[in-house]
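Peer 1: I have a structure here, written as structure tokens, and I will follow up with some questions on it.
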Amino acid sequence: MKAALLSEPAFTIALFSSVVVAIRWEVPGSEDAAVVRQGCLEVAAHVVAGVHPDATPARPLLAVLQFARLLLRADTLHACAARMGDMRQALADAPGDSYNATPLDIEPTVFTTYCQLTLAVASLLGAFLTLALPPGEAIAKSKRVTAEEACYLSELAAALQSSCIVEHISATVLVLLQAFDRSCQPASTVPTAAANEIGALLLAVSRCMQGLLRFAVVGEASRQHSLALALGRATALGPCASYLTLAYGMSVLSYMDGGGTRGLPADVGRALGERLRMGARARLAELERMRDSGEGVSAPQAAGGLLSPVRNLHNALCAAAYAAARSTVAGSGSSPDSAVGSGVAPEALSGVPAAATAAITAAAPTATRRLHLSWHTAAGLAMRAARMGLRATAEAVAGRTREQEAAALTAALEGAGSFRALMTVPSGVLTAVEALVLTAKPRALQLRRRGGVSSSAGRSGVPGGVSRTDQGAEWWRLFVTLAPLLCHVAPSSSRVGTAQAFGDCLWAQLPMVLLPPALLPPLPPPAVALALAGGVLPCLERLIRRAAAAAASGAADTDLRTPEVPVLTVFREAFQPFDGTTGESWAWLAPLLAYGNPREAGAFVATVGKALGSYGRSARACDALEYAVVELCCSLFVVGRTWLDGVSSRLERGGGGDGALNPPERQLAGLLGAAAAAWLPEVAADVSSMFETGSLSIGLVVVELRCLPILLCATRQTTNGRPVAGAAALGPATPAANADASSIPGGWPSFSADVFPSPGILRLAFELFNEPDTHERVKDAICPALAEAACTFAATCPETAAAAVGSVLKTGQVRALAASLKARGFAAEAKAVKALAAQVMAWERGGGVGLARGGSRGVGGRAAGANASPLSSRYGAFVPRLEAAAALLPASPAAARQLLGGCSNPACANLEGDSDAALPLRACAGCAGAASYCSRECQTAHWRAGHKEACRRSGRRSGRGGGS
């Protein structure tokens with residue numbers, strides 16, 4: 001519609017001429033002139049940005065951009081600024097001192113005219129900003145913009161900076177607020193028309209400020225771009241705009257939580273709170289009407305407009321945090337441009353700053369002064385908003401009777417209570433999410449500005465010398481409390497956006513600590529301790545559990561129906577398409593598992609195992625859940641294997657055995673074994689089904705290749721408390737050399753044989769590696785893992801390996817792997833695989849297990865000298881190290897599963913409730929409670945799967961007899 005209208009030259013010329021002429025008429029002028037001027041500005045605002053300022057298109061229309069540029073080049077913003085000055089002059093006692101003057105009593109019609117004109121100018125400015133936001137965000141994301149868009153952004157930045165329009169609007173609003181407060185004295189006489197005008201004006205100005213502050217955040221993301229830098233300078237709030245934004249936000253926050261206003265003048269505070277009082281009076285009238293008509297109590301209307309100033313306060317505090325962090329780095333003498341450019345702190349809200357005169361009357365704005373609002377003050381105010389949002393949400397969820405709500409609102413209007421009764425559940429959740437996200441930003445920003453985050457401090461750590469322990473613990477408690485409330489936001493794109501913001505904040509604040517192979521400290525790092533004390537493990541488990549339950553149900557639109565699903569989309573950042581993981585999840589997951597409550601950690605591992613099965617069995621794809629569980633699985637097994645190898649090497653050098661592990665290390669190693677017992681069956685099933693459908697996850701292939709060798713070596717045979725070296729490494733004379741490790745019943749090798757039959761994963765990996773279309777990065781990921789798995793399989797299970805020659809192990813494929821390893825710089829692995837190729841060739845020629853000796857030229861022959869080492873000792877070179885690492889795992893899969901707690905059925909898929917630890921269990925009567933089950937179905941399935949014999953043996957020992 002707009003494009004069609006603007007394509008008509010007559011309409012464009014008429015509207016342009018009307019706006020340019022009408023905005024230059026003197027103020028106040030006649031009533032007809034005021035109506036025409038306001039109408040022209042409103043039409044222009046609608047044409048530039050549409051009816052609703054937040055309804056931004058994906059990309060602005062070319063015709064709209066051209067019309068907006070016409071208005072800017074005609075100095076429309078400069079003319080609007082002049083009209084703002086005229087209004088302040090008319091409202092002042094002293095003609096030359098419009099900022100320190102006392103407002104006069106004025107006619108209601110004149111006051112209405114001034115409010116409507118200011119609202120129209122603010123709406124037009126908001127339209128200009130709305131039109132500029134899509135290309136501005138494109139610049140922030142390093143995307144290209146058209147020449148027309150770049151010119152518009154440049155002209156808008158120049159017009160904003162030279163006209164000081166934002167300062168003029170803010171100063172005019174402050175003067176109108178003082179005039180309104182004077183007209184409302186005594187407080188019982190509030191003119192309805194004037195109150196409505198003030199309410200509409202504050203809403204329009206609030207949206208305008210929101211657009212400016214969004215530009216401040218966008219500008220921070222791309223400060224190296226010259227156009228972004230110009231926009232950042234132009235949208236920086238001056239003294240009056242900063243004062244109005246902080247004052248309005250503080251006023252509404254104070255009305256909502258009953259707290260202090262940090263020195264805000266009473267007259268300004270009363271005027272800024274008029275929209276809340278209007279909402280309260282309207283709600284009381286609605287409650288009375290429902291009582292008279294006999295209707296039930298319905299929830300109040302959404303309080304989004306009422307909370308706009310709180311949202312602006314959030315953005316202003318975020319901008320203040322950016323400025324404070326920059327000034328920390330740059331020093332007091334050379335602070336860069338700040339998004340909130342005044343020296344106004346909340347403690348200084350004692351009057352309209354007199355310094356605003358210089359910033360407004362100057363032809364060009366002066367250099368931005370250093371902001372005195374420190375980053376920890378900004379975080380503290382945001383925490384206050386978060387508490388208010390959560391408290392209002394809890395009260396709304398609990399519900400109120402009509403009498404209780406009326407009493408609360410009446411007390412608020414009398415100054416004896418808060419206005420939280422106006423807040424709905426969704427508005428409370430949105431406020432809390434925004435506030436907690438904002439609270440986290442100053443800390444992360446401060447750390448980044450001071451040189452990044454060390455591996456020992458963690459991402460959510462605190463700058464040196466500043467103690468944030470109490471606030472950090474409270475932040476996690478509030479954050480965890482908020483997670484279950486996300487479901488109260490109505491299913492829509494708003495819920496998805498809120499959930500994604502929650503997930504982004506969670507991902508950014510999870511404490512990251514890279515665990516070294518050296519001895520772990522007995523106590524967790526401060527950042528980890530805070531997160532654990534706040535309940536982060538149960539929170540993470542609940543998110544995954546709810547998303548898995550939604551995926552298992554097969555319901556459509558799970559991202560809209562289940563807010564936990566879009567929360568998990570943050571795992572895309574860590575997921576890699578070629579090897580499955582960056583290892584980033586290990587950095588936060590491993591410390592939580594090592595130092596967390598054993599019951600909570602075990603329940604988390606159990607839930608992830610069930611989630612692996614649920615998304616694999618789901619009829620509908622759930623990408624967010626898949627990314628989450630695959631990333632966790634890859635990080636825990638791939639990087640965890642590396643940690644186990646390092647710890648076992650440390651113990652070997654230090655002469656200590658399994659008992660040398662301290663409690664955190666022992667708990668982490670045990671949970672790695674528990675994860676293997678619970679997750680690997682599901683991983684193997686998923687890889688098999690993915691291979692059949694052609695959608696193979698390379699990360700899960702690497703997981704299987706990394707887990708297979710260590711499980712084959714986990715025989716738990718000990719001599720003097722130390723694991724025996726691998727049988728293949730001891731030569732063919734060792735009795736175990738000619739027996740498969742997988743033949744040991746009930747242990748890890750037999751578990752491995754059940755999970756990885758044949759083993760098919762080696763056949764799949766060799767086919768993938770030798771496929772011509774396989775990406776080189778995929779080969780880089782699976783190459784060393786495949787070498788270790790194939791060599792260990794042949795060394796520990798020689799009879800099975802000999803039987804698999806031609807199907808799993810092929811000489812040509814093994815030789816190609818050896819050549820690839822050598823080309824990639826894996827010399828030791830290449831040597832072992834070369835020996836394996838010789839052994840495979842010997843098996844192909846009919847050689848016995850373990851009889852081949854010497855180099856490749858002597859494969860299968862008997863001419864090698866007695867001192868030559870067997871081939872098995874060469875391709876079995878991995879075994880001693882793997883056995884030492886495997887000795888750190890629990891003794892058996894059954895022992896590992898006991899660490900998980902919960903249902904004793906290994907195949908349990910019960911996802912009810914928020915935690916696996918909270919499932920109600922019933923003990924088995926036949927084995928004196930050694931096994932417990934969450935349902936009759938699980939009890940029956942486990943009985944048929946083998947618990948029948950174990951239960952009867954346990955019953956005979958206890959004298960109870962068998963039976964379950």
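The values are calculated or read from the model by the stated rules, or taken from the named source; none is laboratory data. Nothing here was measured: the structure is a model prediction, and the numbers come from that model. Cβ placement follows ideal geometry from the backbone for every residue including glycine, while neighbour counts extend to all protein chains displayed. Note: areas computed on protein heavy atoms with side chains; ligands, DNA, RNA excluded. Shrake-Rupley method; radii C 1.70, N 1.55, O 1.52, S 1.80 Å.
Peer 1: Is it true that residue 846 is over 44 Å from the mean Cα position of the chain (by Cα), open to solvent by 20 Å² or more (accessible area, probe 1.4 Å) and of a type in the set (Gly, Ala, Ser)?
Peer 2: On the way: over 44 Å from the mean Cα position of the chain (by Cα): yes; open to solvent by 20 Å² or more (accessible area, probe 1.4 Å): yes; of a type in the set (Gly, Ala, Ser): yes.
It is true that residue 846 is over 44 Å from the mean Cα position of the chain (by Cα), open to solvent by 20 Å² or more (accessible area, probe 1.4 Å) and of a type in the set (Gly, Ala, Ser).
Peer 1: I'm trying to understand the selection: among the residues of the stretch 165-175, which are of a type outside the set (A, V, I, L, M) and open to solvent by less than 10 Å² (accessible area, probe 1.4 Å)? Steps first, answer last, please.
Peer 2: Quick first cut of the stretch 165-175, residues of a type outside the set (A, V, I, L, M) only: 167-168, 170, 172.
If the condition is that a residue be of a type outside the set (A, V, I, L, M) and open to solvent by less than 10 Å² (accessible area, probe 1.4 Å), then 170, 172 are the ones that fit.
Peer 1: Residue 247: on the phi < 0 side of the Ramachandran plot, under 31 Å from the mean Cα position of the chain (by Cα), surrounded by fewer than 24 Cβ atoms within 10 Å (Cβ to Cβ) and in contact (Cβ under 8 Å) with a residue 12 or more places away in the chain, yes or no?
Peer 2: no
Peer 1: Among the residues of the stretch 924-964, what is the count of those that are among the aliphatic types (A, V, I, L, M), within 22 Å of residue 601 (Cα to Cα) and modelled with pLDDT of 85 or more?
Peer 2: 1
Peer 1: Do any residues in the stretch 585-610 that are basic (Lys, Arg) have Cβ atoms under 6 Å from those of residues that are surrounded by fewer than 24 Cβ atoms within 10 Å (Cβ to Cβ) and in a helix (DSSP H, G or I), where the two are at least six apart or on different chains, and which pairs are they?
Peer 2: As it stands, the answer is 599/917, since those pairs meet every condition given.
Peer 1: Among the candidates 56, 76, which residue alone is in the same structural domain as residue 31 (by the TED database), at pLDDT below 80, of a type in the set (Ser, Thr, Tyr) and farther than 22 Å from residue 268 by Cβ?
Peer 2: Testing whether each residue is in the same structural domain as residue 31 (by the TED database), at pLDDT below 80, of a type in the set (Ser, Thr, Tyr) and farther than 22 Å from residue 268 by Cβ leaves just 56.
Peer 1: Identify, by number, the condition in (1) surrounded by fewer than 18 Cβ atoms within 10 Å (Cβ to Cβ); (2) within 34 Å of the chain's Cα centre (by Cα) that residue 282 doesn't meet.
Peer 2: For residue 282, the failing item is (2).
Peer 1: Also, quick follow-up: Can you find even one residue in the stretch 94-101 that is among the aliphatic types (A, V, I, L, M), at pLDDT below 85, touching a Leu at 6+ places or on another chain (Cβ under 8 Å) and not assigned by the TED database to the domain that holds residue 6? Walk me through how you get there before you give the answer.
Peer 2: Initially, the stretch 94-101 is screened for residues among the aliphatic types (A, V, I, L, M), giving 94, 101.
Subsequent filtering for residues that are at pLDDT below 85 retains 94, 101.
Subsequent filtering for residues that are touching a Leu at 6+ places or on another chain (Cβ under 8 Å) retains 101.
Still in the running and not assigned by the TED database to the domain that holds residue 6: 101.
Yes, some residue in the stretch 94-101 is among the aliphatic types (A, V, I, L, M), at pLDDT below 85, touching a Leu at 6+ places or on another chain (Cβ under 8 Å) and not assigned by the TED database to the domain that holds residue 6.
Peer 1: Might you let me know whether the stretch 492-500 holds any residue that is assigned to a loop (DSSP other than H, G, I, E, B), open to solvent by 30 Å² or more (accessible area, probe 1.4 Å) and closer than 25 Å to residue 391 by Cβ?
Peer 2: Within the stretch 492-500, one or more residues are assigned to a loop (DSSP other than H, G, I, E, B), open to solvent by 30 Å² or more (accessible area, probe 1.4 Å) and closer than 25 Å to residue 391 by Cβ.
Peer 1: Residue pairs, Cβ under 6 Å, 6 or more apart or interchain, first in the stretch 916-932 and on the phi < 0 side of the Ramachandran plot and assigned to a strand (DSSP E or B), second open to solvent by 70 Å² or more (accessible area, probe 1.4 Å) and not small (Gly, Ala, Ser). List them.
Peer 2: 932/921
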